[in-house]
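Written below as structure tokens is the structure these notes are about.
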Amino acid sequence: MRIDAVELREVALPLRFPFETSFGRSESHVCLLARIFSEGAEGWGEVPADSAPLYNEEDVGTAWHVLERFIIPAILGRAIDDPRAFPPLVTRIRRHHMAKAGVEAALWDLYARQWTQPLRMMLGGTQERIPVGVSLGIEPEIDILLDRISDFLAQGYRRIKVKIKPGWDVAVVERIRAVFGNIPLQVDANSAYTLADANVFRALDEYGLLLIEQPLEEDDLIDHAALQAQLRTPICLDESIVSPSHARKALDIGACRVINIKAARVGGLSAAVAIHDLCHARGVPVWCGGLLETGIGRAANLALASLPNFILPGDLSASDRYYEQDLIDPPVRLESDGTIAVPAAPGLGVTVRLDRVEAVTTRCALFR
Ligand code: OSB
Ligand code: MG
């Protein structure tokens, strides 16, 4: 695949409902879309960096800069016959994982289309339907959250994840258990606590949660190991696992018992598959996380989540969980059994609606 040109777009899609985490409140999803042109074909990838560096250190501005100056020049005019040849071309560029992951996803889309296979097959996926859950943000009042939970359970979502932060934690979980009983439930702190808050997690340990996601600092493994030793509930790391080597080290020292895999956080689908394989070999379950992706990023996440060790329900909700109108046809839909079908058409397996992409584009450039 000769890389003829790369189109970069910044887009902003309004969210149907504001989404609040311990690091802030979002009313729209701001991301970059990479479209790679090769020998008459094209592939799409999403860079789910937000408008501010709050989840990790990237935002759409840093991603654009690094793509324009370093990542795109490293591939333009080159023949890349396999997307696995891309990471070595950009390893000298430190981090900027979301920026790299968006380009790698577009290369995978092109590659799978060239083989007329769904991306799932090219990645070694085995599952055709993914059990999915929903991630629910912090609300002004618990009753609003309870209403939203009953709505999503009625739609068929298989597990509920709620965001927590200091002051919105044990009492919230207690109310959810009181109202909904023993539903599959987990919490995500997005790094809002320190080891000095261990008592909060010992209290949460009594509620039979599936897991506690990223309780402590985003760059920490050591304190997570100390906290995990005090809990029966598995700790699941998200922000702290930025590469296969971080995953290995976290498992070696007992910093977590579950990993949330996001290709965007670890530098691309190849690294995501490597973390999946490592966890599989060690009997550690994984699940596919999300970053509010449009259908373009969501389709790649679904293909990844089809690998055999993605055992726990993913944060892979339907298009209508976040968007009035997604950028793809058909939109991602929830089946009545609480699963989502992995696209079966070649590549990402979805059709990008250019008219809708144009309508939400705030910045666009073509590099050739
Ligand atoms: O920590 O998993 C997270 C959204 C934005 C940033 C970080 C996270 C999230 C979510 C939502 O929890 C996942 C999704 O539904 O896409
Ligand atoms: Mg998380």
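Taking 0.36 nm per residue of separation and subtracting the Cα-Cα distance, full extension of the segment from ASP355 to GLU57 would add 104.1 nm. From its DSSP helices (H runs of at least four residues, each -39,500 (n - 2.57)), the chain gives a residue-normalised ellipticity at 222 nm of -9500 deg cm²/dmol.
Among GLU218, GLU206, GLU128, the largest mean-square fluctuation in a Gaussian network model of the chain, built with springs joining Cα atoms closer than 10 Å, belongs to GLU206.
Mind running the shape call on the range 184-319? Use the C-alpha gyration tensor, a ≥ b ≥ c as the square roots of the eigenvalues: rounded below 1.5 for a/c, prolate if a/b tops b/c, oblate otherwise. Prolate shape, in that a/c is at least 1.5 and a/b is the bigger ratio. For the chain, a Gaussian network of Cα nodes joined below 10 Å ranks TRP115, TRP44, TRP64 by mean-square fluctuation, and the top entry is TRP115.
Annotation: amide H-H contacts under 5 Å for SER191 (H modelled 1.01 Å from N, sequence separation of 5 or more, or interchain): LEU216. The calculated pair-distance distribution of the range 27-87 uses every alpha carbon pair, bins of 5 angstrom beginning at 0, and gives 4, 15, 23, 24, 16, 11, 5, 2, 0 percent.
If you add up the charges near VAL342, with Lys and Arg at +1 and Asp and Glu at -1, over every other residue whose beta carbon is less than 9 angstrom from its beta carbon, what do you get?
Every neighbour counted, the sum reads +1.
Neighbours of ASP4 by Cβ distance under 12 Å: Lys/Arg scored +1, Asp/Glu scored -1, total +1. Once you order the gyration tensor axes a ≥ b ≥ c over the Cα atoms, which shape class does the range 1-65 get: rounded for a/c under 1.5, otherwise prolate or oblate by comparing a/b with b/c? It is prolate, given that a/c is not under 1.5 and a/b is the larger ratio.
As a rough footprinting exposure proxy, the listed residues ASP315, ASP81 were ranked by other beta carbons within 10 Å of their own, and the order from fewest upward is ASP81, ASP315. The packing ranking, built from the mean of other Cβ atoms within 10 Å per residue, places the peptides 357-365, 321-329, 265-273 in the order 265-273, 321-329, 357-365, highest first. Each part reduced to its alpha carbon centroid, the range 93-132 and the range 139-203 end up 32 Å apart. Taking other C-beta atoms within 10 Å as the exposure proxy, TYR207, TYR193 rank TYR207, TYR193 from fewest upward. Candidates GLN117, VAL47, LEU221 compared by Cα position along the dipole of the chain: farthest toward the positive end lies GLN117, with charges placed on Cβ. Given axes a ≥ b ≥ c from the Cα gyration tensor, I'd like to know whether the range 89-149 is rounded (a/c under 1.5), prolate (a/b larger than b/c) or oblate. Cα axes put the range 89-149 in the oblate bin.
Annotation: lysines with alpha-carbon distance below 25 angstrom to LYS100 (same-chain offsets under eight excluded): LYS249, LYS262. Using just the C-alpha positions of the range 270-327 as equal point scatterers, what log10 of I(q)/I(0) does the Debye formula give at each q in 0.13, 0.23, 0.29 1/Å? After summing over all Cα pairs, the log10 values are -0.35, -0.87, -1.18. Set against the 2.2 N^0.38 Å expectation for a compact globular protein, the range 38-146 has a Cα radius of gyration ratio of 1.34.
To the nearest 20 debye, what charge dipole does the chain have about its Cα centre, counting +1 at the Cβ of each Lys and Arg and -1 at the Cβ of each Asp and Glu? It comes to approximately 860 debye. Each of MET1, MET98 was scored by other Cβ atoms within 10 Å of its Cβ. Arranged with the fewest first, they read MET1, MET98. Every pair of different Cα atoms in the chain enters the Kirkwood calculation, which places the hydrodynamic radius at 20.5 Å.
Rank by packing, highest mean first: peptides 140-150, 283-293, with packing defined as the count of other Cβ atoms within 10 Å averaged across residues.
Top to bottom by mean Cβ count within 10 Å: 283-293, 140-150.
Only the coordinates and a few stated rules stand behind these numbers; no lab work does. Bear in mind that the values here come from a model prediction, so they are computed numbers and not experimental data. Heads up, the Cβs are rebuilt from the backbone with ideal geometry, glycines too, and the neighbour counts pull from every protein chain shown.
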